[in-house]
Amino acid sequence: MTDSQPRTDAPPARRHEKYERLVAACREVSPVPTAVVHPCDATSLSGAIDAAKSGFIAPILIGPSQRIHAAAEEAGVDLAPYEMVDAPHSHAAAAMAVELVRQGRAQLLMKGSLHTDELLHEVAKRDTGLRTERRISHVFIMDVPTYPKPLFITDAAVNIAPTLEEKRDIIQNAIDLAQALGIERPKVAILSAVETINPKIPSTVEAGALCKMADRGQITGGVLDGPLALDNAISPEAARIKRIASPVAGQADILVVPDLEAGNMLAKNLTFLANADAAGVVLGARVPIVLTSRADSVMTRMASCAVAALYAHRLRLAQPVKG
């Protein structure tokens with residue numbers, strides 16, 4: 001074949017079947033009232049408006065009105081159909097958004113162009129925030145082209161070095177999300193570097209303890225196994241070679257990482273080396289929280305909103321929340 005001839009062996013265009021199923025499911029439910037916090041750039045504002053046009057959310061845009069209008073002009077979107085609440089700056093916008101949830105006017109939070117820590121600081125306040133008895137944690141819902149189903153990774157964004165008790169909540173949050181998305185009994189792999197307990201590797205000891213906690217009903221709704229190395233958590237062939245007999249090995253739905261560093265590197269490796277997309281949601285507060293990034297694709301932003309909206313609906317979080 002000469003250089004002038006067209007190639008016929010180019011890979012097919014990337015499809016997002018797993019995300020498309022989530023988006024399709026979300027179209028069957030009514031829009032969720034959503035406090036969009038400080039959407040003061042074109043990307044974050046467009047993400048909220050796209051989700052509204054798709055019928056996922058009913059946005060309440062909270063922030064400096066002049067800056068929001070400037071972002072709308074840059075993005076070429078019409079703000080006339082949407083409610084706006086003026087707030088002088090991002091900190092005030094975060095506080096106001098949390099208050100709207102406490103009043104029952106919003107059942108979902110969506111991050112705009114402010115730092116994640118600034119929003120979560122207001123969410124986590126003891127007296128005026130949205131805390132529950134659960135630890136707040138983040139879950140990536142990844143669409144990996146080489147994996148046959150959505151892959152949940154937790155926690156790669158909020159908890160830096162979680163304790164055993166905090167990992168219990170992190171796992172329970174992820175199981176609850178998976179069930180809300182239609183996975184009746186998700187398979188949970190607790191990751192480490194090896195698949196046997198080694199006292200010199202604390203994450204292996206914690207994995208064994210977490211599995212026993214599930215046996216005793218302290219974690220419910222999923223099937224847990226660990227420690228598992230990444231290969232034998234997601235590859236049936238690797239599990240077979242290692243002779244690991246487990247209902248989880250080789251077919252995990254949820255990957256529980258030892259700490260934020262491991263989770264962040266795993267998610268980014270899948271994104272940049274395996275062409276995966278990473279939708280994300282924060283759980284454990286009184287309502288789900290959508291965290292989007294300027295680097296997210298349109299499909300990823302849509303999937304994040306769809307996941308959060310489905311979670312709100314199926315866990316009956318769309319009912320008014322009293323402060």
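Tabulated values for the structure
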item: Selection status of Thr292, of a type in the set (Val, Ile, Thr) and either modelled with pLDDT of 90 or more or assigned to a loop (DSSP other than H, G, I, E, B) (or both); result: yes
item: Residues that are under 25 Å from Leu130 (Cβ atoms) and either in contact with a Cys (Cβ under 8 Å, 6 or more places away or on another chain) or not hydroxyl-bearing (Ser, Thr, Tyr) (or both), drawn from the stretch 56-66; result: Phe56, Ile57, Ala58, Pro59, Ile60, Leu61, Ile62, Gly63, Pro64
item: When residues of the stretch 23-54 are limited to those that are part of a loop (DSSP other than H, G, I, E, B) and in contact with a Ser or Thr (Cβ under 8 Å, 6 or more places away or on another chain), the one surrounded by the fewest Cβ atoms within 10 Å (Cβ to Cβ); result: Arg27
item: Filtered residues of the stretch 55-89 (kept if aliphatic (A, V, I, L, M) and not in a loop (DSSP other than H, G, I, E, B)); result: Ile57, Ala58, Ile60, Leu61, Ile62, Ile68, Ala70, Ala71, Ala72, Ala75, Met84, Val85
item: Filter result for the condition that a residue is farther than 13 Å from Ala48 by Cβ and crowded, with 16+ Cβ neighbours inside 10 Å, over Ala75, Ala80, Ala94; result: Ala94
item: Residues satisfying the stated conditions in the stretch 123-146, i.e. farther than 20 Å from Val37 by Cα, in a loop (DSSP other than H, G, I, E, B) and of a type in the set (A, V, I, L, M, F, W, C); result: Val144
item: Test: residue in the stretch 283-296 that is of a type in the set (S, T, N, Q) and either under 16 Å from the mean Cα position of the chain (by Cα) or assigned by TED's automatic domain parsing to the domain that holds Ala35 (or both); result: yes
item: Single residue of Ala233, Ala278, Ala249, Ala295 found to be crowded, with 23+ Cβ neighbours inside 10 Å and within 25 Å of Leu109 (Cα to Cα); result: Ala278
item: Scope the stretch 225-248; condition at pLDDT below 95, of a type in the set (A, V, I, L, M, F, W, C) and in contact with a strand residue (DSSP E or B) (Cβ under 8 Å, 6 or more places away or on another chain); matching residues; result: Ile244
item: Failed item, numbered, when Ile160 is tested on (1) over 21 Å from Ala285 (Cβ atoms); (2) touching a residue at least 60 places away in the same chain (Cβ under 8 Å); result: (1)
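The values are calculated or read from the model by the stated rules, or taken from the named source; none is laboratory data. Quantities reported herein were computed from a predicted structural model and do not represent experimental measurements. So basically every Cβ, Gly included, is an ideal-geometry build from the backbone, and we count neighbours across all protein chains shown.
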